[in-house]
Amino acid sequence: MTPPTAPPVPLPRSSERTIALAFPDYIGHLIRAHTPLGRFTALYIVPVKFLLAGMALHMLLFSQLVAALIVLAVLIVLAVLIVPALAIKAGGWLRRGRTRRPTHTLDTDSIDPYQDALRASLPPPVACALDEAAAAVARHTGADRVLLAEVTMPGHHHRGDCAFEWNATTQPAMRPFPAPFIAVGRELLRASRLDMLEFVLAHEARHRASALKIPHFLLPVAILYGPFLAGLLAPTVATAVIAALAVRVAVTLSHWAVELACDHAAARAHGDGGQFFATCTPRRFRACDRAWPWWQRVLAAANRLQPSHPPMWLRAWYCRRVRRDALDASHPLTVGLLLCLATYVPSMISTVAGWMHQTSREGAQMPFAYHMAVNAATWALAWWCGSGFKPWNRFIVALVVANVLVGVDYLPEPWMSIADPLVIAALAGWLAFRHLGPAAGAFPVRRSDLLILMVPLPAMSFASDIMIRMEEWLPPPGSEQSQMATLGITSDAELLAKIVWTSVLEEATSALLIMGLLRRSVPPWVIFTITAVLRIGVHLYAAGGSLGPVAMAVPMTALFLCCRRLWPLVAAHAIYDLVVSYLPSAMTTLVMGTVAVGLIVWATRRLTGHDAPAADAVTRAAASGRWR
């Protein structure tokens with residue numbers, strides 16, 4: 001399978017300063033720079049030289065001539081003695097009378113014959129995968145063609161697996177290459193490892209995407225000029241060293257983020273790469289590490305302190321999660337729990353704290369902690385609601401929501417009390433829409449939705465009566481107040497915002513928890529218990545009256561389990577709150593009684609067969625899955 005290559009070019013004499021290498025030999029010449037010595041130079045020696053240069057310039061600007069001369073002397077020693085000594089140890093300079101390393105150039109006439117020979121030696125599936133990767137790279141870079149090459153490491157021979165033969169890389173068009181190229185290790189070019197090859201190629205092709213051009217440009221600049229600026233601007237040597245270390249950590253984390261972004265694209269396109277991560281472990285390539293001279297192994301140990309790629313276990317875990325999100329981007333149980341943590345738990349804590357201080361006003365004693373907890377958990381919700389988005393779009397969504405929440409907290413009253421519930425309700429509605437699927441859709445409107453909307457109204461009226469009786473039996477601490485005063489509602493606008501907040505948030509949270517528990521095959525009685533406890537926590541401000549909404553939770557949970565429709569329950573909750581808030585008590589009782597009588601008449605006619613067409617329609621709807 002290895003394509004024929006040109007015979008190795010002999011080393012030139014001292015007078016031969018430029019030689020032309022065939023395409024595969026030139027690729028090997030470039031890869032040779034990735035030895036432990038090459039990486040040590042890039043990770044340690046070059047940043048230290050730039051740091052010293054910045055420190056020397058800083059000292060010269062502030063007339064610290066003696067210190068500047070000392071730093072310049074250290075820089076000269078590092079540049080003139082240490083680096084050439086390492087190069088001599090590597091056999092690069094001053095070897096047997098050769099006073100200058102020759103300059104290598106690419107023999108462009110060898111490109112086309114090598115491409116033809118390589119393609120002819122590859123199995124058809126492997127060639128097809130390489131062609132797809134080349135097309136992706138050409139699309140990202142705008143190139144007319146993409147070259148292919150096999151990764152080889154000249155002078156690196158040992159028994160066992162070689163890390164270079166299990167690797168791949170892509171490079172943009174740059175001198176002396178006329179086009180971008182993809183270099184793939186020999187072991188990945190086997191037909192039996194096609195899945196691994198497709199994953200690796202998708203990862204490498206993503207590196208050439210336009211979205212990553214700026215990071216690929218800025219990271220090398222930060223590696224060089226970050227330490228230089230740290231040395232130039234820091235007032236002391238210790239501060240300069242700490243700043244340079246911070247820059248190095250930031251660059252390493254940025255490299256990790258770029259690699260995980262490429263893994264994200266590969267996992268969504270070609271699976272989670274589990275076989276690749278399970279194969280390419282450090283233990284597998286121990287023979288490759290031992291093949292280096294002892295002093296290069298020492299440098300390799302230092303290089304491991306600054307890994308340019310995330311650990312394999314982290315990449316494997318991230319790819320598994322990305323693949324799971326790609327197959328099913330909904331997480332109703334997780335989102336439902338986050339909604340509880342973002343809204344109900346801080347509310348319950350502040351309510352109990354208010355009781356401890358002999359006041360029943362919700363959140364009166366902990367305004368700062370309450371808003372901070374709500375905002376922090378809601379930011380997490382904003383991130384989760386973007387599940388299935390690309391990482392950059394997901395970040396933008398979370399950032400926008402965070403800015404909206406922070407801006408809402410700085411609004412003057414009563415605008416903050418109006419905007420805050422509406423923002424939370426909008427986020428909860430979006431979460432339900434994304435993670436409940438068809439259950440959260442309002443269209444198309446069905447005739448059965450009217451029935452679903454009417455059933456909860458008598459149950460909510462009954463629960464309200466129980467709530468009043470239980471609150472009289474076990475009232476909250478402090479002076480007796482109305483429900484409006486307890487919730488801090490002082491105007492009609494705040495009341496309407498609170499109605500929207502409670503209607504959307506309560507029903508969306510309950511629906512998300514129900515759907516998530518159903519997916520995990522939780523028994524129905526556990527689901528009913530959890531939703532009942534949730535309603536108790538929502539109305540905890542009423543003390544003993546918080547037990548009343550249990551009578552509302554049971555029928556509404558049963559309705560969602562049977563019909564899987566969310567918007568009628570939200571509408572029913574909002575209608576009831578509006579009726580109770582704006583109609584007299586007698587009128588409210590009359591409306592709820594009329595609805596209850598209408599439901600009883602409808603159920604009686606259906607059971608006795610007097611409404612056979614409607615019964616048949618309901619039966620057909622249930623059989624067709626419209627009620628599920």
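How high is the FRET efficiency from residue 217 to residue 302, r the C-beta distance, R0 35 Å, rounded to 0.05?
Computed FRET efficiency for residue 217 and residue 302: 0.85.
Probe radius 1.4 Å, ligands and nucleic acids left out: which of 109, 144, 263 has the largest accessible area, and how do the rest follow?
If we order 109, 144, 263 from most to least accessible, we get 144, 109, 263.
Which whole-Hz couplings ³J(HN,Hα) result when phi for each residue of the range 180-188 is put into the Karplus expression 6.51 cos²θ - 1.76 cosθ + 1.60, θ = phi - 60°, listed in order with x for Gly and Pro?
x, 9, 10, 10, 10, x, 4, 5, 7
Expected output is a single nm value to one decimal: the length gained when fully extending between residue 294 and residue 581, i.e. 0.36 nm times separation in residues minus the C-alpha distance. What is it?
95.1 nm
Quick one: the Cα spread of the range 108-327 along its three principal axes, in angstroms, biggest first?
62, 46, 41
Between residue 474 and residue 65, what is the FRET efficiency for a Förster distance of 56 Å, r being their Cβ-Cβ separation, to the nearest 0.05?
In this case the efficiency is close to 0.10.
Could you pull the accessible area for residue 75 with a 1.4 Å probe, rounded to 10 Å²?
Per-residue accessible area (residue 75): approximately 30 Å².
Residues with amide H under 5 Å of residue 105's amide H, sequence separation 5 or more or different chain, H placed in the peptide plane at 1.01 Å from N; which?
It is 19, 20, 21, by chain and number.
Ranked from the most accessible area to the least, with a 1.4 Å probe and all protein chains present, what is the order of 216, 34?
In descending accessible area the options line up as 34, 216.
Calculate, in nm to one decimal, what residue 238 and residue 254 gain on full extension: separation in residues at 0.36 nm each, minus their alpha carbon distance.
Taking 0.36 nm per residue and subtracting the Cα distance, the gain is 3.3 nm.
Whose amide H sits under 5 Å from the amide H of residue 182, counting only residues 5 or more places off or on another chain, with H placed in the peptide plane?
147, 148, 149
The values are calculated or read from the model by the stated rules, or taken from the named source; none is laboratory data. Just so you know, these numbers come straight off a predicted model, no measurement behind them. Here Cβ is always computed from backbone atoms with ideal geometry, including for glycine, and neighbour counts include all displayed protein chains. For the accessible areas, the whole protein counts, side chains as well, though only heavy atoms, and no ligand, DNA or RNA atoms are used. Shrake-Rupley method; radii C 1.70, N 1.55, O 1.52, S 1.80 Å.
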